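Enquirer: First the structure, then my questions, so here it is.
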Amino acid sequence: MSERDETLAHAPLGRESAYPEHYDAGLLFPIPRQANRAPLGLDDAALPFEGEDEWHAFELSWLDAKGKPIVAVARFRLPADSPSLIESKSWKLYLNSFNQTRFDSREAVAETLERDLAQAAGAPVAVALFGVEDDALTPRALPGECLDDLDVSIEHYTPTPELIEVGEEIVDETLHSHLLKSNCPVTGQPDWGSVLIRYRGPRLEREALLKYLISYRQHQDFHEHCVEHLFVDLMARAKPERLLVMARYVRRGGLDISPWRGTPGERPPTPLRLARQ
């Protein structure tokens, strides 16, 4: 059994599980990041990037002090240098444990979420709660040039960094594609996403870059590690001065995940949510 399989041996992902009837922080299942980073040559003690994993939860509800249901959308931000990520189905089960639990206020809900998620991830987790009609949830478009209309022939459907090509011109630009797809490392279910690449360095050849992004189509890995794989390959092959890689994955089970990784000082565009999310 591989190291990754061992880290998931007791995860709820892919197993039949009854939804909890009462609040239970013990449902959260952390997964050490280092097991997936080691094959990329990454060491948690000296990461070449900064970043966060931004999650949105669209199925969050609890009872107020009088037993009346309250609904909200939650945004969570886990730092990329946290020792662990949190497996998504365990996160969903944990959030569902709030459904019949009474809280005195929204602040009490947010404080509970911050405490439990930080305990699981091993680092502080930022939590924000939104009303379901909040303008902050309005879908927006990715900035930069879209690659998806390029006429390319595809032969590779597992990550092939050798496809990446660069020219001699030094540019500062933003590119994106909606053709990203990877697969859940346990169930094999498809994870659809959009990816943004912002960089300064030798000009990335458009057709070659699109072929490389599509080469993840049959790759099995977590969203967070797919983004780190993209970052590592682009840094190694293109050697940009600055680089930001951000993926916005389509929601599954009421959760979407949008990891980003950047060279020191890089930050993603203003918080956004795409129409598919």
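Enquirer: Please give me, ordered by residue number, the GluC sites (Glu not before Pro) of region 36-142 that lie in loop per DSSP and have at most 16 other Cβ atoms within 10 Å.
Expert: Working: sites: Glu50, Glu52, Glu54, Glu59, Glu87, Glu107, Glu111, Glu114, Glu133; in loops: Glu87, Glu133.
Answer by residue number: Glu133.
Enquirer: For region 24-91, run through the trypsin sites (Lys or Arg not before Pro) and keep only the ones in DSSP coil with at most 10 other Cβ atoms within 10 Å of their Cβ. Walk me through the intermediate numbers first.
Expert: Details: sites: Arg33, Arg37, Lys66, Arg75, Arg77, Lys89; in loops: Arg33, Lys66.
Loop-located and lightly packed - Lys66.
Enquirer: Which one of Leu243, Leu255, Ala208 is farthest out on the positive end of the charge dipole of region 145-262, using unit charges on Cβ (Lys, Arg +1; Asp, Glu -1) and the Cα centre as origin?
Expert: Of the candidates, Leu255 comes out farthest on the positive side.
Enquirer: Can you tell which of Asn96, Ala120, Leu179 lies farthest toward the positive end of the dipole of the chain, using +1 and -1 charges on the Cβ of basic and acidic side chains (Lys, Arg; Asp, Glu)?
Expert: The Cα lying farthest towards the positive end belongs to Asn96.
Enquirer: Still on this structure, I have one more. At q = 0.11, 0.20, 0.22 Å⁻¹, what base-10 log of I(q)/I(0) does the Debye formula yield for region 3-137 when every alpha carbon is treated as an equal point scatterer in vacuo?
Expert: The Cα Debye sum returns log10 ratios of -0.44, -1.21, -1.37.
Enquirer: Can you compute the helix-only [θ] at 222 nm over the chain? Use -39500 (n - 2.57) per DSSP H run of at least 4 residues, normalise by all residues, nearest 500 deg cm²/dmol. Can you show the working numbers first?
Expert: Values: 6 runs with 59 residues, N = 277.
The per-residue figure over the chain is -6000 deg cm²/dmol.
Enquirer: Candidates (i) 139; (ii) 195; (iii) 127; which is the computed volume of the Cα convex hull per residue in Å³?
Expert: Step by step, volume of the Cα convex hull per residue in Å³ for this structure corresponds to label (iii).
Enquirer: Specify the angular offset, from 0 to 90 degrees and rounded to the nearest 10, of the alpha carbon long axis of helix 223-238 from the longest principal axis of the alpha carbons in the chain.
Expert: 20 degrees
Enquirer: Looking only at the chain, where both bridge partners belong to it, what percent of the DSSP beta bridges are antiparallel (to the nearest 5)? Can you show the working numbers first?
Expert: Working: 51 of 55 bridges.
Expressed as a percentage, antiparallel bridges in the chain total about 95.
Enquirer: Under unit Cβ charges (Lys, Arg +1; Asp, Glu -1), what dipole magnitude, rounded to 20 debye, does the chain have relative to its Cα centre? Spell out each step's value before the answer.
Expert: Working: 31 positive and 45 negative charges, 115 e Å.
Approximately 560 debye in magnitude.
Enquirer: Filter the GluC sites (Glu not before Pro) in region 206-277 down to the DSSP loop ones having no more than 11 other Cβ atoms within 10 Å, then list what survives.
Expert: Values: sites: Glu207, Glu224, Glu228, Glu241, Glu266; in loops: Glu241, Glu266.
For GluC sites (Glu not before Pro) across region 206-277 that sit outside H, G, I, E and B with at most 11 neighbouring Cβ atoms in 10 Å, the list reads Glu241.
Enquirer: Here's a follow-up. Considering only Ala65, Gly131, Leu85, whose Cα is most displaced toward the positive end of the charge dipole of region 3-137, charges sitting on Cβ of Lys, Arg (+1) and Asp, Glu (-1)?
Expert: Result: Ala65, furthest along the dipole toward the positive end.
A short reminder: the numbers here are calculations on the coordinates, not readings from a lab. Quick caveat: nothing in here was measured; it's all calculated off a predicted structure. No Cβ is skipped: glycine too gets one built from the backbone with ideal geometry, and neighbour counts run over all protein chains shown.
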